[in-house]
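Asks: Next up is a structure, given as structure tokens.
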Amino acid sequence: MQKDTSLVQFFPRSPGVYLMKDEDGVIIYIGKAKNLYSRVSSYFRGTKDRKTGVLVQRINTVDYIVTNNEYEALLLENNLIKEHQPRYNINLKDGKSYPMIRITAEEYPRVFRTRRIIQDGSQYYGPYTDIHRVDRYLELIERLFPLRKCRGAVKKRLHPCLYYHIGRCSAPCAGKTTLEEYQSKIAGIHKLLEGNTEELLRDLESQMLTASAELRFEEAARLRDAIQTVRGLEEEQQVMDSDPDARDYVAFVRKDYSSSFAVFQMRGGKLLSGDVFHSVVFGSESEDLQQFLVQYYDGTRPLPKRLILAHPVDTESFSRYLQGLHDAQGSGSGSGSGSGSDVSIEIPDSPSGRDGAVLRLALENARSDLEKRIREAGNVPGLEELRDLLGLPRTPLVIEGFDISHLDGKHTVASMVVLQNGIPNPAAYRHFRIKSLDGRIDDFGAMREAVARRYTRILNEKLPRPDLILIDGGIGQVNAAAEILNALGLGEMQVVGLAKRNEEIFLPGNSTPLILPEGSPPLRILQQARDEAHRFATGFNQRARSKDIGLSTLEALPGIGPARARRLLQSFGSIAAVVAAPADAIAHSAGIGASQAQETLQALRAMSMVRGREDALEELDARAAEKVADETPEQAGEQAAETPGEDYGLTGSPRPTVSRNTKSDNKP
């Protein structure tokens, strides 16, 4: 199908809603328009940004529904989005996972914490990003405004329950309170949650003084504690001003398909909450913001007197929408909130002063949230570009990178690092002590062993396979890794090498390198994996070399060889303990005479004094303990792999077969 204006050439030039569908007939995007023909045809004219291009590529057909005006189009769009939940429309499910406080729509309402909004006339406060704050509010409400606990309609009882006797229920079921008194408590809860606490504090202080004067000291203490709690909650509000009007500030930022919306609520001159929501977006700024506002002000939240926006929207249709909410809710939206007809929608060109400060704060929070989520999501576009450049069968969301490190053939080790969505995942990193070289310098052989051990384990334990294997090196290392994978029957796994010289990319069996432009996203991803593997291998090699220092210190003492040094460390646990031990204990542990033990002890103490610092022994202890742990009798003859499970070793054979004995630490 051609993606051009012929798709909409017969669309009317009237208000309405359009429904974009994919080749399976599934609705993928719903929008509204003042002029259906102009708005929908704009998707297929001119050069579009990438996110709009992604949407257009998936459009197969476009249906429409004509309405009498833009307001009807807004209502219909909102209802259709709720019903069909299109993939590319605003979806605020993440924001609603935060806890809220619900006041039920019953004759005798209940108040409790919830994460689920039910469209039954109940009122909600939040969402709150700090669950402890919710709990403090609910605890305070229980003490100041005890309400019923039982669910469902109030059933008449002869006697109240235990909650009444401990002061946590007003017992309307037993006639202990009137409906008017109960509704007065609900009004107090509204004031508390909306930040209108001045009158509440005056009432509490008056009650406290009265209780104290009447010698009801326990009651006075309870009220004193409640006052302190209310003031503590007030002090948590960091932004304050002198305007008592209820105000909401809304700002959002977006990049490619992602967006973050921030809503800051000012009540009674205090910042009541600052919440951030996020979603994918594919419309214009005005469309995306209006879709968000319609979902946010869905009848469950009190309306503000003023709504200050950082971006323009269709204020006429949205004002009518708010009026409809007010008419549906009636007048019981809680004190301090505005009615639909009273909500002033403001879109300042150059916000300054008080409003500008709060709006900038909301914008900064939205920007910070978006940047954080982009970092967490990784670099998927760069990975997709890398897939196309290398001709990979799928996007390399999981990359495992390998490098070898040694010092003149000693302490040869290998590292494996993992990038998921282009982001390092340190929890999945692995170390390998190379066992098959016997001191020879052979980077190709070391790479064969590391790759064999890693992917033999993957076969044996049926672990997920990476989408791409990156080798730090040139064509020789790449061919060595590919040779092992073929021997294991994993020849279909994708391997590339990245050489530091000119940042050349090598594929197995092809000595002609691929060179990507410097700074290109695919090259940066490969460089990150290569450099991380190099850093991890080098650090492990340095630690392996340092472990020899402790034992070599003891072996340098008169009459102490490798076996006796190991026995001493196993007996005493540390060099510091050897220094503090009596000569006869050293003689017994090392199997030497008393005079020789005395000479050994004097030489070790002199060595520590020459070093001139107490921490020298502690450093030696740490290194020696690691050495002893590596050379326990059960592991004699071979070093164990650094990470449990990475235990497949090559003992001279570059072409291993798959071992099904995953319990063996020493057999290939």
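Asks: Any of Lys191/Lys255; Lys191/Lys305; Lys410/Lys500; Lys34/Lys82; Lys156/Lys185; Lys191/Lys372 with alpha carbons more than 27 Å apart? Name them for me.
Replies: In this structure, Lys191/Lys255; Lys191/Lys372 lie more than 27 Å apart at Cα.
Asks: Could you check the simple spin-label distance between Phe10 and Asp388, using points 7 Å along Cα→Cβ, in nm with one decimal?
Replies: 3.6
Asks: Between Ser258 and residues 5 or more places away or on another chain, which pairs have amide H atoms under 5 Å apart, with H built 1.01 Å from N, and which residues are they?
Replies: Residues meeting the criterion, in which the H sits 1.01 Å from N, are Val281.
Asks: Still on this model: For Leu204, Leu459, what's the largest-to-smallest order of accessible area, 1.4 Å probe?
Replies: Heavy-atom accessible area, descending, gives Leu459, Leu204.
Asks: Measure off 7 Å from each Cα along the Cα-to-Cβ vector at Val280 and Ala221, then give the distance between these two points in nanometres to one decimal.
Replies: The two pseudo-label positions are separated by 5.9 nm.
Asks: On to the next question. Dipole of segment 489-544 (Lys/Arg Cβ +1, Asp/Glu Cβ -1, origin at the Cα centre): which of Pro513, Leu490, Gln528 lies farthest to the positive side?
Replies: Gln528
Asks: Could you derive backbone 3J(HN,Hα) for segment 20-34 from the dihedral phi with the Karplus parameters 6.51, -1.76 and 1.60 (θ = phi - 60°), listing whole Hz in sequence and x where the residue is Gly or Pro?
Replies: 8, 10, 8, 5, 8, x, 7, 5, 10, 7, 10, x, 10, 8, 6
Asks: Continuing with the same structure: Just the number please: accessible area per residue for segment 102-202, 1.4 Å probe, all protein chains included, in Å².
Replies: Averaged over the residues of segment 102-202, the accessible area is 54 Å².
Asks: How much net charge surrounds Tyr71 when only the other residues with a Cβ under 12 Å from the Cβ of Tyr71 are counted, with Lys and Arg +1 and Asp and Glu -1?
Replies: -2
Asks: I've got another one for you. Using a 1.4 angstrom probe with every protein chain in place, what is the largest-first accessible-area order of Cys150, Cys173?
Replies: Cys150, Cys173
Asks: Take Thr178 and Thr315, extend 7 Å from each Cα along the Cα→Cβ direction, and tell me the distance between the two endpoints in nm.
Replies: Once both label points are built, they end up 4.6 nm from each other.
Asks: While we're on this one: Fully extended, how many nm does the chain gain between Val66 and Ser344 (0.36 nm per residue separation, minus their Cα-Cα distance)? Mind showing how you got there, number by number?
Replies: Working: separation 278, 0.36 × 278 = 100.08 nm, distance 2.91 nm.
Between Val66 and Ser344, full extension yields an extra 97.2 nm.
Asks: Can you give the FRET efficiency for Tyr257 and Asn486, using 1/(1 + (r/R0)^6), R0 = 41 Å, r = Cβ-Cβ distance, to the nearest 0.05?
Replies: Given R0 = 41 Å and the Cβ-Cβ separation, E is 0.55.
Asks: Which sequence of His326, His431 reflects their accessible areas, 1.4 Å probe, from the largest down?
Replies: Output order, biggest surface exposure first: His326, His431.
Asks: Another question, if that's okay. Hey, with R₀ at 56 Å, roughly what FRET efficiency would Cys161 and Asn79 work out to, going by the Cβ-Cβ distance, to 0.05?
Replies: 0.85
Asks: Using θ = phi - 60° and the Karplus form 6.51 cos²θ - 1.76 cosθ + 1.60, what ³J(HN,Hα) does each residue of segment 405-413 get, whole Hz, x for Gly and Pro?
Replies: These are the phi-based 3J(HN,Hα) values: 9, 7, 10, 6, x, 8, 6, 5, 9 Hz.
Asks: Out of the total accessible area of segment 129-227 (probe 1.4 Å, heavy atoms of protein only), what percent is carbon and sulfur?
Replies: Details: 3130 of 5820 Å².
The C+S portion of the solvent-accessible surface of segment 129-227 is 54 percent.
Asks: Something else about it: Take the Cβ-Cβ distance between Ile423 and Gln119 as r, set R0 to 30 Å, and report the resulting FRET efficiency rounded to the nearest 0.05.
Replies: Details: r = 39 Å, r/R0 = 1.29.
That pair, Ile423 with Gln119, gives E of 0.20.
Asks: Using a cut-off of under 12 Å, list every residue of segment 583-600 whose amide N is near the label point 7 Å from the Cα of Ala606 along the Cα-to-beta-carbon line.
Replies: Counting backbone N atoms under 12 Å from the label point, the list is 599-600.
Asks: Quick one: of the DSSP bridges fully inside segment 396-480, what percent are antiparallel, nearest 5?
Replies: 80
The values are calculated or read from the model by the stated rules, or taken from the named source; none is laboratory data. These figures come from a predicted structure and were not determined experimentally. Methodologically, a virtual Cβ is constructed for each residue, glycine included, from the backbone with ideal geometry; neighbour enumeration extends over all protein chains shown. Ligands, DNA and RNA are excluded from the accessible area calculation, which covers all protein heavy atoms including side chains. Shrake-Rupley method; radii C 1.70, N 1.55, O 1.52, S 1.80 Å.
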